[in-house]
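Below is one structure, written out as C-alpha cells; comments come after it.
Each value in this text was obtained by applying a stated rule to the coordinates, not by laboratory testing. Since this is a predicted model, take the numbers as computed values, not measurements. Counting neighbours? That spans all protein chains shown, and the Cβs are built from the backbone with ideal geometry, glycine included.
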Amino acid sequence: MITPVTVYVPRDSAARSVGADDVADALVSAAARHGRLIRVVRNGSRGMLWLEPLVEVATPDGRMGYGPIAATDVDGLVAAGLFDGADLPQRLGVVDELPWLAAQNRVTFTRIGITDPLSPDDYLRHGGVVGLVRALQNSPADVVAEVTDSGLRGRGGAGFPAGIKWKTVLDCTDDLKFVCCNADEGDSGTFADRMLMEGDPFLLIEGMTIAAYAVGATEGYIYIRSEYPDAVATTRAAIEIAYGRGWLGDNVLGSPLNFDLHVRVGGGAYICGEETSMLESLEGKRGMVRAKPPIPAIHGLFGKPTVVNNVLTLATVPTVMAHGAQAYQELGVERSRGTQVFQLGGNIKHGGIVETAFGITLGELVDGYGGGTRSGRPVRAVQVGGPLGAYLPRTKFELPMDYEAFAAAGAMVGHGGIVVFDETVDMAAQARFAMEFCAAESCGKCTPCRVGAVRGVEVIDRIAADEHRDENLALLEDLCDVMTEGSLCAMGGLTPMPVRSAITHFPDDFLAGQPIPLHISARTEGQP
Amino acid sequence: MSTALVRDIVATYRGQRGALLPILHAVQEALGYIPPEAIPVLADELNLSRADVHGVVSFYHDFRSAPAGRTTVRICRGEACQAVGAERLVSHVRDACGMSLGETSLDGSLTVEQVFCLGNCALGPAAQVNGRLQGRLDESRLSAILDEAVAQ
Ligand SMILES: Cc1cc2nc3c(=O)[nH]c(=O)nc-3n(C[C@H](O)[C@H](O)[C@H](O)COP(=O)(O)O)c2cc1C
Ligand code: SF4
Ligand code: FES
C-alpha cells in the first residue's frame, strides 16, 4: 500500500485571505493529475504571515515549507517534485528550523500551525488536556494558587494578575458563577486571539474549564466579535467536539465538575471589549460601561460572580497547570512574567506572531523580527497597544516590552499589538483619527469622552488650519487632561495617549499649514 | 416582513440567557436587516419595552434598519491598514463607483462600509467581502472584487 504524503495548508483566515483555499484545491487536483496520493491537513498558521499561503510537505527530514504559494504555481511545483520536498525556488527549509520561528519561545502558541485545530487526537498527541487533568487532581484553591504563583497577568490590556481575580470569585459563596472569555479583540494591530481561536480552539476551552473548576463556575461564555466569522465557526465546532470527548458538560473527565460553554457573537461595537460593557452585551443590552465597584468578580454577569479574562490569559492556564507555576514564572522580567504574544502589523516586512519572554526591546521586534517596513522606507512611528496606545519614535526602540517600563514611558504594552508606519505617515492625522475613533466608538455614558472626543477633532482641525495654533494646542492639552481625569473607562481615559504621544514625539507634524488629510466619514447608524 | 418568522426565531433562542442579541443576529441573518416592524414584535415576545429593543438595535453597528446590497464590502480603516494604504482603497471606491462609505448602490448590487480592524493587520490593507476576509488588497484587486459583485 502506498502511504499518502501529508501536505499542510493553513485554514487560518489570514492565510485564506490571500488564497489558501485555492491553493488547497489546486494541490488536490494536481495530485490527482500527477497520480500522487496526498492527505491535506488544514492546520493553523505558523504566524509567519508574510509567507502565507505557506504550504508544508511532510518529508523524512521534517516538514518542508514553501511560500508564499499562489494557486497558479501549484501544478508546476508538483511537477517539479513538491511532494518529495524538492529544492524549488519557493522552498524555505524545514519550517521548525527557520530562524524567525526557532528564536521564539512559543508557550501559548506551541501547537498553532502544527496541528489540525479541530482534531482532538492531534490535541492529545501534542500535550493537550494534561493541564486540565492535573487541575482536577488538585483542589480549586491549589489551582488558584498555582495561577497566582505563575505571575500570569491579564493579557487583554490592563495586566491585572489573573490569580487574584480568580481568588475573589472562588471566595464568593453564590451557587451560580460564570467564566467569560473576552474575545472581542477590537484593537487595530492585534490578531493573536483570532489566531488562537482558529488555530488551537481546544486550548481556550481547556483554559476556561480549568478556570471554571478553580472558581466554582458552571457556565461559560466566549464573547467573540462579529468581525471574526471564522473564529466563531471554529470555536463552535471545537465546543461540540469537546462535549463529545467529555471535556465539557456534566462530570468533565469523570470528575464532579459540570461546565457548559457557549459562544456569543458581538454586535460590532469596540466598547464591548471593555469588560463591564461586554457583560451588558451578554445580558442582551446596549454595551454601556458599568461603574466599578462592584467589580465583575463579585457582581458580574447577571449579577453573579464572574471571571472575565482575555483569550490569551485563559489559553495560557493549561500550560501553567501542565508544567507548573515555576516554569512559567522563570520567563520574563520584573513583574512581567512569562511570555507575551506580540503581533507585528501595519507597514512591516515580516508581519506576524512573535511569542517571546517579556523584556525583549521594541527595536528587536520591529527591526529584528519585523525586518523594518514593507515599503522599504524608514520606520517613523510605531503604535503599541492598539488605538489607545502611544505612538513611539525610533528613539524609544530601546524600551523593553514590560508593563511597568512602558507605563513609565507614557505608553502601554496593551494586548501586544505593534503597528509600524513609515516616513510618509502624518502624525497630526493619526492624532485626529484617535479622537475620531473615540467619538465613533464611545458608549456615550460620560461627557468627557462622548463630547470631548468630538471637540478634540475640531481642535486638531483648527491647529492644522493654523487658526490660533498655540492657543489651540493648549486647549487640546486641557481637553486631554479632562478626558484622562473625567472618563469612566479607558476609552475616554486613554484616547489622550496616542494624541499626546503624537504631539510630544512628532511636533513638526503639528506646525502651521500642515494639511491633515484623513477624514473618517461620520457614522449614520448605531450612535447613542 | 413575516411576524411569524420573527416569533419562530424568538422561540428558538428564548431558552438562552440574555437572548436579545442572538435573536437580532438571527433576524438579520434571515431577513437581511432588522425591519422596524420587528421591534414591537420582539418587545412583545421578550417582555421588553419598544424603546429597550430599539435602543439595543441602534447601539450596535452591525444591525441595519434597511436591506444591504447583494454584496457587502467592508473596508478596514484601522491604523494597521491605514499604514499600508487603506485610505487609497476608500478613495478608489469613491472614484470608481461613486460611492461613499455606508452607501448602497442604486441598483442594489453593492454596499460599501467601513470597519475598524478585521484581525488581518499583517496582511493589510484588508476588507471583508460578504463575510469573507481579503488581504494584501490594492486598487486593482479591489476593482476585480467589486466588478464581480456587480456582475452577479
Ligand atoms: C475600551 C476598552 C476596550 C477593551 N477591549 C478589550 C478587548 O478587546 N479584549 C480584551 O480581552 N480586553 C479588552 N479590554 C480590557 C477588559 O476591560 C478587561 O480588562 C480584560 O478583558 C480582562 O481580562 P484579562 O485580565 O485577562 O486581561 C478593553 C478595555 C477597554 C477600556
Ligand atoms: S469613557 Fe467613554 S466609553 Fe468609557 S464609559 Fe465613558 S463614555 Fe463610555
Ligand atoms: S487594522 Fe485592518 S485588519 Fe487590523
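Using only the Cα atoms of the protein assembly as shown, what semi-axes does the equivalent ellipsoid have when each is the square root of 5 times a gyration tensor eigenvalue? Give whole Å, largest first.
Semi-axes from the Cα gyration tensor: 34, 32, 28 Å.
For the range A:156-250, just say rounded, prolate or oblate: build the C-alpha gyration tensor, square-root its eigenvalues into a ≥ b ≥ c, call rounded for a/c under 1.5, and beyond that prolate if a/b exceeds b/c, oblate if not.
oblate
So if we plug the beta-carbon distance of A:Ala327 and A:Ala141 into 1/(1 + (r/R0)^6) with R0 = 30 Å, what FRET efficiency do we get, rounded to 0.05?
That pair, A:Ala327 with A:Ala141, gives E of 0.90.
Output the 0 to 90 degree angle, nearest 10, between the alpha-carbon long axis of helix B:3-13 and the longest principal axis computed from the alpha carbons of chain B.
With both axes taken from Cα atoms, the answer is about 90 degrees.
Just subtract the alpha-carbon distance of A:Leu176 and A:Asp116 from 0.36 nm times their residue separation and send over the number in nm, one decimal.
Length gained between A:Leu176 and A:Asp116: 18.1 nm.
So what's the gap between the Cα centers of the range A:277-356 and the range A:404-435, to the nearest angstrom?
Here the two parts' Cα centres lie 21 Å apart.
Could you work out the mean count of beta carbons from other protein chains within 10 Å of each residue's beta carbon in A:247-260?
0
Give the relative contact order (percent, whole number) for chain A; include only Cα pairs under 8 Å separated by 6+ residues.
Relative contact order for chain A comes out at 13 percent.
Taking each residue of A:325-335 in turn, how many C-beta atoms of other protein chains fall within 10 Å of its C-beta, and what is the average?
Mean shielding count: 0.
I'd like the FRET efficiency for A:Asp149 and A:Asp481, computed as 1/(1 + (r/R0)^6) with the beta carbon distance as r and R0 of 56 Å, rounded to 0.05.
0.90
Please sort B:87-96, B:139-148 by packing, taking for each peptide the average over its residues of neighbouring beta carbons within 10 angstrom, highest first.
Top to bottom by mean Cβ count within 10 Å: B:87-96, B:139-148.
Let me check against my output: what whole-number percent is the relative contact order of the range A:296-345, with C-alpha pairs under 8 Å and at least 6 apart?
16
Mind ordering A:345-354, A:447-456, B:49-58 by average Cβ neighbours within 10 Å, highest first?
A:345-354, A:447-456, B:49-58
Which links in A:Lys177/A:Lys445; A:Lys167/A:Lys445; A:Lys165/A:Lys285; A:Lys165/A:Lys445; A:Lys165/A:Lys292 stretch past 19 Å when you go from one Cα to the other?
From the list (A:Lys177/A:Lys445; A:Lys167/A:Lys445; A:Lys165/A:Lys285; A:Lys165/A:Lys445; A:Lys165/A:Lys292), the Cα-Cα distance tops 19 Å for A:Lys177/A:Lys445; A:Lys167/A:Lys445; A:Lys165/A:Lys285; A:Lys165/A:Lys445.
Based on alpha-carbon centroids, what's the gap between the range B:104-137 and the range B:48-84 in Å, whole number please?
With the range B:104-137 and the range B:48-84 each reduced to a Cα centre, they are spaced 13 Å.
Arranged from highest to lowest average of other beta-carbon atoms within 10 Å per residue, in what order do the peptides A:370-377, A:185-192 appear?
Top to bottom by mean Cβ count within 10 Å: A:185-192, A:370-377.
With r as the distance between the Cβ atoms of A:Ala474 and A:Leu511 and R0 = 25 Å, compute the FRET efficiency 1/(1 + (r/R0)^6) and round to 0.05.
Calculated transfer efficiency: 0.95.
Residues in the range A:291-306, backbone N under 20 Å from the label point at A:Thr218 (7 Å along the Cα-to-beta-carbon vector): list them, ranges by number please.
A:297-306
Could you tell me which residue out of B:Gln82, B:Ala66, B:His92 lies farthest along the dipole of the range B:38-152 toward its positive end? Charges go on the beta carbon: Lys and Arg +1, Asp and Glu -1, centred on the Cα centre.
B:Gln82
Need one number: nm distance between label points at A:Arg236 and A:Glu398, each 7 Å from Cα along Cα→Cβ, rounded to one decimal.
In this crude label model, A:Arg236 to A:Glu398 measures out at 5.2 nm.
Looking only at other chains, what is the average number of their beta-carbon atoms within 10 angstrom of each beta-carbon in A:61-69?
The per-residue average across the peptide is 0.
Any idea how far the Cα center of the range A:236-256 sits from the one of the range A:107-155, in Å?
15
Apply the a/c threshold of 1.5 to the C-alpha gyration tensor of the range B:57-129 and tell me whether it is rounded, prolate or oblate.
Cα axes put the range B:57-129 in the oblate bin.
Mean residue ellipticity at 222 nm from the helices of chain A, using -39,500 (n - 2.57) per DSSP H segment of n ≥ 4 over the full residue count, to the nearest 500 deg cm²/dmol?
-11500 deg cm²/dmol
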